[in-house]
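Trainee: Dropping a structure here in structure tokens format, bear with me for questions.
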Amino acid sequence: MTNLTQRIDAAVQSALDQKRIVGAVIAVMQDGDLAHLKAYGQSDREAGVPMKTDALFRLASITKPIVTAAAMRMIELGKLSLDAAVTDFFPDFKPKAPDGSTPTITIRHLLTHTSGLSYDFLQPESGPYNTLKVSAGIDGDITMEENFGRMVQAGLTFPPGAAWLYSVAIDVLGAILAKIEGTDVEGAVKKYVTGPLAMNDTSFFVTDPARLVQPYSNASPEPVPIGDNFKQYFVPGCAPINLGTSRAFNRNAFQGGGGCMNGTSTDIVRFLDTIRAGGDPILSRETTQAMMSNQIGPLRIIFDPTGNTAFGFGGSILLDPAKSGSFLSPGTWQWGGVWGHSWHVDPVRKLTIVNLTNTTLEGMAGQLVRDVQQAAVGG
């Protein structure tokens, strides 16, 4: 057993002992080699199913960097442009800004979450995304066309480019990719990302339910199982995230580019490390460097109160790790998923960490995330 494995084992065992998580699969790549892959705890506590390394997880927002990479490849091929308007593809997609105008939303705005679009869980219960039931793509079975109509009616939170706000933007982007390719979002992503990288377990619909983990939500004295219509509170003063477990099997629901994929830790760590290493065979080094660089200038993401985190394409950029209490290097590209996941790509250390748990919010933003970081760097 390596020192790396011993350190990660200790970090995860602490979370299990304290009942902060039910199970996890942790994968770490160092300089292009798989340095750690191990399953911990249980996939389904009530059924007594142990976690396995090939377990399938609902990925939530880990979908975003995958769809982003497909978009970046299409940009490289000249099929799409960062400056193209959303209305070039969907002429009726014209949500109004607060002043009543209908500004141009570009592909760049979508990719960087500066479009002015929002999420229901980032607005109060009385906000338009909640009163109009704009889907965040993690539950329900409405079509993309229905959701587009609701987005337009809800309007923009601010003029495009004026601020950073996490949003349904990547759902819109995914629909654009599908329209260009004349397929569904799965088809576009498979053509440009999951196919070339042999990410055979990563898809929008689960066909092997026995491998899909049971999700849980942090609670006392122990995490509680999540089913359909589960309300996960996330941001104080805002509505909860609506989670739905059956969506992973629903072929009638829209394929949301922002959060509807499912996959394994090995697929995800291989994909992210491909970006770190320069993109071959899916992207050029120039494009991957852009993805891992600040693309929003002086703007900062709202989830870091230190104002120390910018955004690239597909993930955030850590500017000063010490200010954020991180053990990783400046320029680390990172994000996660609300079902209980986090990932970090440290280009200085040539290190990629994928932490997939079945327990939210601990696995996304809890102590385990920091502990696994520290274990991976030997801190």
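The values are calculated or read from the model by the stated rules, or taken from the named source; none is laboratory data. On a predicted model such as this, the values are computed, not experimentally measured, just so you know. In this analysis, Cβ positions are derived from the backbone assuming ideal geometry, glycine residues included, and neighbour counts consider all displayed protein chains.
Trainee: Could you identify the single residue in LYS19, LYS38 that is of a type in the set (Lys, Arg), in the same structural domain as SER342 (by TED's automatic domain parsing) and under 22 Å from the mean Cα position of the chain (by Cα)?
Mentor: Numbers: LYS19 fails: under 22 Å from the mean Cα position of the chain (by Cα).
After applying the criteria, what remains is LYS38.
Trainee: Let me ask something additional. Residue under question is THR274, and the condition is that it be without any contact (Cβ under 8 Å) to a residue 40 or more places away in the chain and farther than 30 Å from ILE142 by Cα; does it hold?
Mentor: no
Trainee: Check off (1) in contact (Cβ under 8 Å) with a residue 60 or more places away in the chain; (2) part of a loop (DSSP other than H, G, I, E, B); (3) not aliphatic (A, V, I, L, M) for LYS191 and give me the number that stays unchecked.
Mentor: That leaves (2) as the condition not met.
Trainee: Can you go through ASP88, ASP99, ASP92 and tell me which one is among the acidic types (Asp, Glu), within 29 Å of PRO236 (Cβ to Cβ) and out of contact with any Ser or Thr (no Cβ under 6 Å at 6 or more places or on another chain)?
Mentor: Only one candidate qualifies: ASP99.
Trainee: Taking into account only those residues within segment 1-12 that are surrounded by fewer than 14 Cβ atoms within 10 Å (Cβ to Cβ) and in contact (Cβ under 8 Å) with a residue 12 or more places away in the chain, which is farthest from ALA210 (Cα to Cα)?
Mentor: It comes out as ASN3.
Trainee: Take segment 13-58 and flag every residue that is touching a Phe, Trp or Tyr at 6+ places or on another chain (Cβ under 9 Å), part of a loop (DSSP other than H, G, I, E, B) and surrounded by fewer than 24 Cβ atoms within 10 Å (Cβ to Cβ).
Mentor: ARG45, MET51
Trainee: May I ask you to list the residues in segment 344-358 that are under 21 Å from PRO223 (Cβ atoms) and part of a strand (DSSP E or B)?
Mentor: Once the filter is applied, which keeps residues that are under 21 Å from PRO223 (Cβ atoms) and part of a strand (DSSP E or B), segment 344-358 yields VAL354, ASN355, LEU356, THR357.
Trainee: Determine the pairs where a residue that is within 17 Å of THR157 (Cα to Cα), located within segment 287-303, has a partner that is surrounded by fewer than 19 Cβ atoms within 10 Å (Cβ to Cβ) with Cβ atoms under 6 Å apart, the partner being 6 or more residues away or on another chain.
Mentor: Listed by first residue and then by second, the contacts come to ARG300/GLY307.
Trainee: Next question. Taking PHE121 as the residue in question, decide whether it is in contact with a strand residue (DSSP E or B) (Cβ under 6 Å, 6 or more places away or on another chain) and either part of a loop (DSSP other than H, G, I, E, B) or not assigned by TED's automatic domain parsing to the domain that holds ARG300 (or both).
Mentor: Answer is yes for this residue.
Trainee: So, one more: Go through (1) touching a His at 6+ places or on another chain (Cβ under 8 Å); (2) polar (S, T, N, Q); (3) more than 19 Å from TRP164 (Cα to Cα) one by one and return the number of the condition SER126 breaks.
Mentor: With (1) touching a His at 6+ places or on another chain (Cβ under 8 Å); (2) polar (S, T, N, Q); (3) more than 19 Å from TRP164 (Cα to Cα) applied to SER126, the lone miss is (1).
Residue-wise test of (1) crowded, with 20+ Cβ neighbours inside 10 Å; (2) aliphatic (A, V, I, L, M); (3) closer than 14 Å to LEU117 by Cβ.
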{"residue": "THR143", "(1), (2), (3)": "no, no, no"}
{"residue": "VAL152", "(1), (2), (3)": "no, yes, yes"}
{"residue": "SER167", "(1), (2), (3)": "yes, no, yes"}
{"residue": "ASP171", "(1), (2), (3)": "yes, no, yes"}
{"residue": "LYS179", "(1), (2), (3)": "no, no, no"}
{"residue": "ASP184", "(1), (2), (3)": "no, no, no"}
{"residue": "TYR192", "(1), (2), (3)": "yes, no, no"}
{"residue": "ALA198", "(1), (2), (3)": "no, yes, no"}
{"residue": "THR207", "(1), (2), (3)": "no, no, no"}
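Trainee: Does THR63 fit the bill of being in a loop (DSSP other than H, G, I, E, B) and at negative phi?
Mentor: Criteria not met by THR63.
Trainee: Return yes when GLY263 is more than 16 Å from the chain's Cα centre (by Cα) and within 15 Å of VAL67 (Cα to Cα) and no when it is not. Write out each step before concluding.
Mentor: Values: more than 16 Å from the chain's Cα centre (by Cα): no; within 15 Å of VAL67 (Cα to Cα): yes.
Judged against the criteria, GLY263 is not a match.
Trainee: Follow-up. Within segment 368-377, identify whether any single residue is of a type in the set (Asp, Glu), in a strand (DSSP E or B) and modelled with pLDDT of 95 or more, and answer yes or no.
Mentor: Within segment 368-377, none of the residues are of a type in the set (Asp, Glu), in a strand (DSSP E or B) and modelled with pLDDT of 95 or more.
Trainee: Let me ask something else about it. From the list TRP333, TRP343, TRP339, which residue is aromatic (Phe, Trp, Tyr) and over 14 Å from VAL269 (Cβ atoms)?
Mentor: Answer to the selection: TRP339.
Trainee: Moving on to the next point. Only one residue in ALA210, ALA253, ALA248, ALA219 is of a type outside the set (Asp, Glu) and touching a helix residue (DSSP H, G or I) at 6+ places or on another chain (Cβ under 7 Å), so which one is that?
Mentor: Within the list ALA210, ALA253, ALA248, ALA219, the selection yields ALA253.
Trainee: I would also like to ask the following. Is it the case that GLY227 is outside any helix (DSSP H, G or I), without any contact (Cβ under 8 Å) to a residue 24 or more places away in the chain and either closer than 24 Å to ARG211 by Cβ or of a type in the set (Gly, Ala, Ser) (or both)?
Mentor: yes
Trainee: For residues that are modelled with pLDDT under 95, more than 16 Å from MET364 (Cα to Cα) and of a type in the set (Gly, Ala, Ser), scanning just segment 306-348, find the one that is surrounded by the fewest Cβ atoms within 10 Å (Cβ to Cβ). I'd like the intermediate steps shown before the answer.
Mentor: Looking only at segment 306-348, we keep the residues that are modelled with pLDDT under 95, and these are 306-308, 320-327.
Within this subset, residues satisfying the condition of being more than 16 Å from MET364 (Cα to Cα) are 306-308, 320-323, 327.
This time we only want the ones that are of a type in the set (Gly, Ala, Ser), so: 307, 322.
Numbers: GLY307: 15, ALA322: 10.
Residue satisfying both the conditions and the ranking: ALA322.
Trainee: Take segment 148-177 and flag every residue that is more than 23 Å from VAL338 (Cα to Cα) and under 19 Å from the mean Cα position of the chain (by Cα).
Mentor: ILE176, LEU177
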